[in-house]
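Beneath this line is the structure, given in structure tokens, with notes to follow.
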Amino acid sequence: MSDVVIRTHDLTKTYTSGTNQVHALRGIDLTIGRGELVAIMGTSGSGKSTLMNLLGCLDTPTGGAYELDGVRVEALGKNELAAIRNQKLGFVFQGFNLLPRTTAVDNVELPMLYDRSGRKRDTRAMAIAALERVGLGERLDHESSELSGGQQQRVAIARALVTQPALVLADEPTGNLDTHTTIEVMALFQELNDAGMTIILVTHEPEVAVYAKRIVEVRDGRVVRDEPVKNRRSAANDLVRIADEERSAA
């Protein structure tokens, strides 16, 4: 097994509207190793969302090469990309994207029901194990509407990791959460990463990126910064500090 999960070379994406061309990505070279926790940052229009879509096999590049967990994917067709997404990727979105009036365990089990690989698995047991891993073992039969925002995002994270993907992609995963819940979610991401999970999160918030190990900043379709996080914060320690401050103020 390679230590590299993502490798891109001169990745480009151009959108054409009539006679106008928009160069969303202008040659991205990026390597992400197994076990990294990387924050991709950039302002609106920087190209970070386009890059996320390409890395997540939700779109295809105009040019360049993309290798995901040892598989060249830049020229794959829609059905092949769908299979790659199901087998190698887990997604977490800002809006949770859970099915309403559906239990937590059913939401988590859903990705495995679309698995066409023919693997024989106890999908219900795997969904339960994933929910227990994110601290929701006592909320298995609760519907989405019965869960807080933080709990809903934990269900979404369990759904992302239940297929044991090579990579979890999180797109603004704390965008709809308050500060305390944001730190709780980042503590979970750090815990999963410490256990070996490779995670990429897209965020425009520096206070979220400080929990990553590495920051990749995109501007005008190019990588303008790629460096380790200085003074990286521990979300678990921050939660303890907040609790201490709340007790002192009570």
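Values quoted throughout were computed directly from the atomic coordinates according to the rules given, and no laboratory measurement underlies them. Keep in mind that this is a model prediction, so the values were computed, not measured. Backbone-built Cβ (ideal geometry, glycine too); neighbour counts: all protein chains shown.
List the trypsin sites (Lys or Arg not before Pro) in the range 66-131 that DSSP assigns to loop (not H, G, I, E or B) and whose Cβ has at most 13 other Cβ atoms within 10 Å. Which are they?
Passing sites in the range 66-131 are R101, R116, R119, K120, R121.
When a/c reaches 1.5 or more, the comparison of a/b and b/c decides; with that in mind, is the range 23-66 rounded, prolate or oblate per its Cα gyration tensor?
oblate
From the backbone phi of the range 143-154, what are the Karplus-calculated ³J(HN,Hα) couplings (6.51 cos²θ - 1.76 cosθ + 1.60, θ = phi - 60°) in whole Hz, Gly and Pro given as x?
6, 4, 5, 8, 10, 6, x, x, 5, 4, 5, 5
Once you order the gyration tensor axes a ≥ b ≥ c over the Cα atoms, which shape class does the range 85-178 get: rounded for a/c under 1.5, otherwise prolate or oblate by comparing a/b with b/c?
oblate
Please give the length that would be gained between S234 and S248 if that part of the chain were fully extended, namely 0.36 nm times their separation in residues minus their C-alpha to C-alpha distance (nm, one decimal). Write down the numbers at each step before the final one.
Details: separation 14, 0.36 × 14 = 5.04 nm, distance 2.12 nm.
Result for the pair: 2.9 nm of gain on full extension.
V5's amide H: which non-local residues (gap 5+, or another chain) put their own amide H closer than 5 Å, with H modeled 1.01 Å from N in plane and none for Pro or chain starts?
Excluding prolines and chain starts, which carry no amide H, the hits are I32, G33, R34.
Got a sec? How would F93, F189 order by Cβ neighbour count within 10 Å, fewest to most? Provide the component values of the computation, followed by the final result.
Details: F93 17, F189 23.
Starting with the residue having the fewest Cβ neighbours, the order is F93, F189.
Can you give the local net charge around V108? Use residues other than it whose beta-carbon is closer than 14 angstrom to its beta-carbon, Lys and Arg +1, Asp and Glu -1.
Details: positive: R121, R124, R133, R139, R154, R159; negative: D106, E109, D115, D122, E132, D141, E143.
That works out to -1.
Using a Gaussian network for the chain with springs between C-alpha atoms less than 10 Å apart, which of these wobbles most: A212, A156, A82?
Taking springs between Cα atoms under 10 Å, the residue moving most is A82.
Under a crude label model (7 Å from the Cα following the beta-carbon direction), how far is T102 from R34 in nanometres?
3.1
What percent does the relative contact order of the range 158-202 come to when contacts are Cα pairs within less than 8 Å and at least six residues apart? Don't skip to the end; give the middle numbers.
Details: 30 pairs, mean separation 26.2, N = 45.
In percent, rounded to a whole number, it is 58.
Taking a ≥ b ≥ c as the square roots of the Cα gyration tensor eigenvalues, with a/c under 1.5 meaning rounded and otherwise prolate when a/b beats b/c, else oblate, which class fits the range 102-250?
Oblate is the answer for the range 102-250, as a/c is 1.5 or above yet b/c matches or exceeds a/b.
Return the sequence-ordered ³J(HN,Hα) values of the range 2-9 in whole Hz as given by the Karplus equation 6.51 cos²θ - 1.76 cosθ + 1.60 applied to θ = phi - 60°, using x for Gly and Pro.
Karplus-based 3J(HN,Hα) across the range 2-9 equals 6, 7, 9, 9, 10, 9, 10, 9 Hz.
Below 12 angstrom from the Cβ of E172, what's the summed charge of the other residues (Lys, Arg +1; Asp, Glu -1)?
-1
Which of E138, E191, E146 moves most in a GNM of the chain, Cα contacts under 10 Å?
E138
I want the local charge near R232. Using Cβ-Cβ distances under 11 Å, sum +1 for each Lys or Arg and -1 for each Asp or Glu among the other residues.
On the way: positive: K213, R214, K230, R233; negative: none.
Within the 11 Å Cβ shell, the charges total +4.
Percent relative contact order of the range 114-215, based on C-alpha pairs within less than 8 angstrom and at least six residues apart?
24
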